[in-house]
Amino acid sequence: MTLIDRLTAAKASHDYQGLIDLVPYATFLGLTAAMQGDELITTMRYGDHLIGNASLPALHGGTLGALLESAAIFELLWRAETAVLPKTITLTVDYLRSGAPVDTHARGIVTRQGRRITNVRMEAWQADRGAPVATAHAIFLVMRS
Amino acid sequence: MPDERDERDVPDERDQLKMRMAYAFSQGVPHNQALGMRVLEMTATGVVIELPYDPKLVGNPDTGTLHGGAITALLDGCSGAAVFAALTELVPIATLDLRIDYLKPAEPGKSVIGKASCYNMTRNVAFTRAVAYQDTEANVIAHSVGTFMLSTKLRKS
């Protein structure tokens with residue numbers, strides 16, 4: 001079974017976590033995904049290996065970037081009618097606050113879905129959703145084969 | 001020319017600082033250590049860091065290509081290290097933003113090299129650019145620019 005086949009199966013059975021378990025890097029980061037209301041929320045469970053600054057301590061900026069990119073990809077995979085793996089063209093992350101050593105949540109919102117290009121905005125937050133630790137936007141190539 | 005050793009061959013204080021920084025980068029930062037990142041070069045003009053291929057960092061299990069997030073972490077890490085390497089005194093820094101262009105997927109089974117430089121530094125802000133490549137510098141897979149805030153706390157003390 002290819003990734004796309006398994007993705008299609010995961011979507012059919014509403015198995016959000018099954019989608020994530022397909023990706024080794026998502027497991028390494030400790031990502032989980034769940035529908036909360038009508039939102040697909042991606043969570044990065046805290047682990048000591050995510051720390052970038054041990055004296056604060058604070059999460060590594062790369063982990064927040066990866067969480068935000070993953071949240072956007074999961075949103076695209078989940079919402080899309082046909083399973084196509086989006087390719088990231090650009091990713092821009094604004095780091096707003098240092099990430100505390102706790103779980104971090106993220107979601108992506110599609111701002112424009114074109115035939116080939118999709119624009120997504122993302123935000124990541126911890127205890128207080130109103131005070132995001134990072135926001136981002138990304139452009140994906142989404143070609144239906 | 002081993003016969004003509006002079007004081008330039010002896011690591012000076014700045015070199016030792018760079019060596020300590022290189023060690024702190026790969027061993028003192030848990031996430032860099034978890035990714036297996038190794039500092040190959042660290043000078044005031046630039047930093048070169050290797051991200052060895054690892055199956056746990058794969059984004060697409062069908063092809064074995066690395067996840068974009070691992071490239072993001074590499075570019076973020078080496079850009080920050082380039083700022084530290086360009087500083088004359090160690091002050092805390094914070095990433096303001098990082099913009100990455102993904103040119104093509106990384107080829108599975110091979111290391112990705114991140115090369116970053118801090119091309120401008122003001123009192124408050126440092127500006128970086130970086131590339132991620134495989135095999136040779138001509139084979140670029142991602143390109144990034146970043147900005148970093150320099151802490152004022154320690155500068156005053």
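Any read-out appearing in this document is the output of simple, stated calculations on the displayed coordinates, not a laboratory observation. Predicted model, so just to flag it, every value in this text is computed and none were measured. As a convention, Cβ positions derive from the backbone with ideal geometry for all residues, glycine included, and neighbour counts pool all protein chains shown.
Numbers at a glance
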item: For residues of A:15-26, the mean tally of beta carbons on other chains within 10 Å; result: 3
item: Inter-part distance where the range A:2-26 and the range A:88-145 are each reduced to a Cα centre, Å; result: 20 Å
item: Cα-centre dipole for chain B with unit charges at Cβ (Lys and Arg positive, Asp and Glu negative), debye to 20; result: 740 debye
item: Under 5 Å, built H, 5+ apart or other chain: amide partners of A:ALA58; result: A:GLY52, A:ASN53
item: Coil-residue trypsin sites (Lys or Arg not before Pro) of the range A:15-106, DSSP, other Cβ within 10 Å capped at 12; result: A:ARG45
item: Gaussian network model of chain B, springs between alpha carbon atoms under 10 Å - residue of B:ASP15, B:ASP62, B:ASP76 with greatest fluctuation; result: B:ASP62
item: Isotropic mean projected area of the C-alpha convex hull, chain B (nm²); result: 10.9 nm²
item: GNM result for chain A, Cα springs below 10 Å: residue of A:THR32, A:THR111, A:THR135 fluctuating most strongly; result: A:THR111
item: Amide H partners (placed H, <5 Å) of B:GLU41, local residues excluded; result: B:VAL48
item: D (Stokes-Einstein, µm²/s), Kirkwood Cα radius, chain A, 1.567 mPa s at 4 °C; result: 84 µm²/s
item: Radius 11 Å from Cβ of B:GLU50, net charge of other residues (Lys, Arg +1; Asp, Glu -1); result: +2
item: Stretchable slack from A:ALA131 to A:ILE89, in nm (0.36 nm times residue separation minus alpha-carbon distance); result: 12.4 nm
item: Stretch in chain B that is longest and holds no GluC sites (Glu not before Pro) that DSSP places in a loop and that have at most 14 other beta carbons within 10 Å; result: B:1-88
item: Built amide H within the under 5 Å cut-off of B:ILE141, gap 5+; result: B:ALA132, B:TYR133, B:GLN134
item: Theoretical ellipticity at 222 nm over the protein assembly as shown - DSSP helices of four or more residues, -39500 (n - 2.57) apiece, nearest 500; result: -8500 deg cm²/dmol
item: GNM flexibility winner over chain B from B:PRO52, B:PRO108, B:PRO61 (Cα, springs under 10 Å); result: B:PRO61
item: Integer Hz, Karplus 6.51/-1.76/1.60 couplings in order for the range A:95-110, x for Gly and Pro; result: 8, 9, 9, 6, x, 6, x, 9, 4, 10, 10, 8, 9, x, 10, 6
item: Radius of gyration and Dmax over the Cα atoms of the protein assembly as shown, both given in Å; result: 19.8, 75
item: At most 11 other Cβ within 10 Å, DSSP loop - trypsin sites (Lys or Arg not before Pro), the range B:20-125; result: B:ARG123
item: Residue-by-residue Karplus 3J(HN,Hα) for the range B:119-124, coefficients 6.51, -1.76, 1.60, Hz, glycine and proline x; result: 8, 7, 9, 10, 4, 10
item: Backbone HN-Hα couplings from phi across the range B:35-51 [Karplus 6.51/-1.76/1.60, Hz, Gly and Pro as x]; result: 7, x, 6, 10, 7, 9, 7, 8, 9, 4, 8, x, 10, 10, 10, 9, 10
item: Centroid-to-centroid separation of the range A:55-70 and the range B:75-128 [C-alpha atoms, Å]; result: 15 Å
item: Spin-label pair A:ARG121/A:ALA12, simplified geometry with 7 Å Cα→Cβ offset, distance in nm; result: 3.6 nm
